[in-house]
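Presented below is the structure to which this report refers.
The values are calculated or read from the model by the stated rules, or taken from the named source; none is laboratory data. Quick caveat, the model's predicted, so the values are computed rather than measured. Here the Cβ positions follow ideal geometry from the backbone for every residue, glycine too, while neighbour counts run over all protein chains shown. What goes into the accessible areas is simple: the full protein's heavy atoms, side chains included, and nothing from ligands, DNA or RNA. Shrake-Rupley method; radii C 1.70, N 1.55, O 1.52, S 1.80 Å.
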Amino acid sequence: MPEKVLHHPDVCHALQEAASAVGRKDDRPDGAMRAAGWPSSRPGPEDKAPVEEFKRGRKVGGVKGMGMATQHLPGRTRSVLLATALACAVLGILLLGGAWKRGWFGGAKKGTAQEMVFDLGNGVKMTLCWCPPGTFLMGSPATEAGRQEDEVQHEVTLSRGFWLAKTETTQAQWEALMPHNPSDFQGRRLPVDNVTWDEAKAFATALTERMRREGKLDPGWEFRLPTEAQWEFACRAGTTTAYFTGDGEEALRKAGWYSGNSVRKTSRISEWLRSIPAFKGWFPGNTGGRTSTAGRKKENAFGLQDMHGNVWEWCEEWYGGDYGEEVNPDGPPAQGPSRTVRGGSWYEAAVACRSAERGGAPPGLGSYWVGFRVCLVPGRAAEPQPQE
């Protein structure tokens, strides 16, 4: 019906009477038309109600919520909404499962390890784990896969306990004390990398001085790098297998970052360049990898994490084929060209991340695969005791 005719006074009056006859009233002309069963010229409130109620999530049909509201939507629209909600739920479960598998929630449950926390300021903290005195087999058995000639197995005794940082020194911890972050892979929760042995020692000295100045450290204690024997004792935490989680690459995946779980697939260009002898050393099989966030892998019995892989860790003494003494060893008696590094890195194959794996590097070398963690030891007059 034309709009002008629809709004004529006589027509409106007739339509209102028709509406009254069927028990419905609407002051609008086309509302009366609908009451009389005539087609409407434009949608009215009754047409919009289900959609508006759905948008507001109000009571529809006596039940509050979107579930009942969807019954007023077309069947295809309802199906799409339900399918989308189901897909989101499945995706969420898969993402959470993948995050747990990758260790994003801290890996295994925490055990009974004894810990001590130092506040470095601005919300940055450093946790240390207690490593008690003990005797262990240092080195590897002749049957261990990847064993090297310098891993002669022998008994070592550590008569004094010590504290060791729970993870490798992070960039946040480094920046709390040092003026410049040398890391190739930037990230506050990533381990600091590209540090020389001298810079690692400087950090330990600065940490000692700061904690003493703030009254958080007794004068008889000091931070330094662990000896090689301390490092392996702490890494093993009572185990005799290649990794503290067991033997084999699958065991390593639970405890550390190495080339098998820290790299992306190489491009065809990289593969081609690697095939050229002149470029072979620049394009290894794990091109595209990097360090990972500290503290995401499983703890050992002492509460330590990332002892396998991520970055090689500087140790206190010089590297040599001879381990040194069998009681409280502090390295070979003669100096050499290299300082000891332990633990392997994201850049290495699994066998290079074993508890017994030994390495050495010039003390002035800084690289994207080397970092460190600090050790807290007592002075001559003090004997460490774990804090309750």
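What ranking do 183-190, 238-245, 292-299 get when scored by the average of other Cβ atoms within 10 Å per residue, highest first? Write out the running numbers ahead of the final one.
Details: 183-190: 15.8, 238-245: 19.4, 292-299: 22.1.
Top to bottom by mean Cβ count within 10 Å: 292-299, 238-245, 183-190.
Return one whole number: the accessible area per residue of the range 129-212 in Å², for a 1.4 Å probe. Intermediate results must be reported in sequence, preceding the final value.
Numbers: 3510 Å² over 84 residues.
Result: 42 Å² of accessible area for each residue.
Enter the accessible area of D306 (Å², nearest 10), with the probe set to 1.4 Å and all protein chains included.
For D306, the solvent-accessible surface is approximately 0 Å².
Once fully extended, how much extra length lies between R213 and N181, figured as 0.36 nm per residue of separation less the alpha-carbon to alpha-carbon distance?
9.2 nm
Label point 7 Å out from L365 along Cα-to-Cβ: which residues of the range 203-235 have amide N under 18 Å?
228
Would you mind counting up the charge near V311? Only other residues with Cβ under 12 Å from its Cβ, with Lys and Arg at +1 and Asp and Glu at -1. Before the final figure, lay out the partial values.
Details: positive: R290, R342, R373; negative: E168, D184, D193, D306, E313, E348.
Result for the neighbourhood of V311: -3.
Anything over 18 Å Cα to Cα? Flag those among K125/K216; K166/K297; K201/K297; K125/K298, in the order listed.
Details: K125/K216 13 Å; K166/K297 11 Å; K201/K297 26 Å; K125/K298 20 Å.
Violating the 18 Å limit, Cα to Cα: K201/K297; K125/K298.
Ranked from highest to lowest mean number of other Cβ atoms within 10 Å per residue, what is the order of the peptides 168-174, 120-126, 197-203? Numbers along the way, then the final one.
Numbers: 168-174: 24.0, 120-126: 13.7, 197-203: 19.7.
Per-residue mean Cβ counts within 10 Å order the peptides as 168-174, 197-203, 120-126.
Return the FRET efficiency for the residue pair I93, D247: r is the Cβ-Cβ distance, R0 is 22 Å, and the value is rounded to the nearest 0.05.
Working: r = 32 Å, r/R0 = 1.46.
Approximately 0.10, to the nearest 0.05.
Ignoring any ligand, DNA or RNA, what whole percent of the accessible area of the range 111-248 comes from carbon and sulfur when the probe is 1.4 angstrom? Let's see the in-between values first.
Numbers: 2820 of 5880 Å².
Whole-percent figure for carbon plus sulfur exposure: 48.
Gain in length, N328 to T77, computed as 0.36 nm per residue apart minus the alpha-carbon separation, to one decimal in nm? List each step's numbers first, then the result.
Details: separation 251, 0.36 × 251 = 90.36 nm, distance 7.35 nm.
Residue separation times 0.36 nm, minus the Cα-Cα distance, leaves 83.0 nm.
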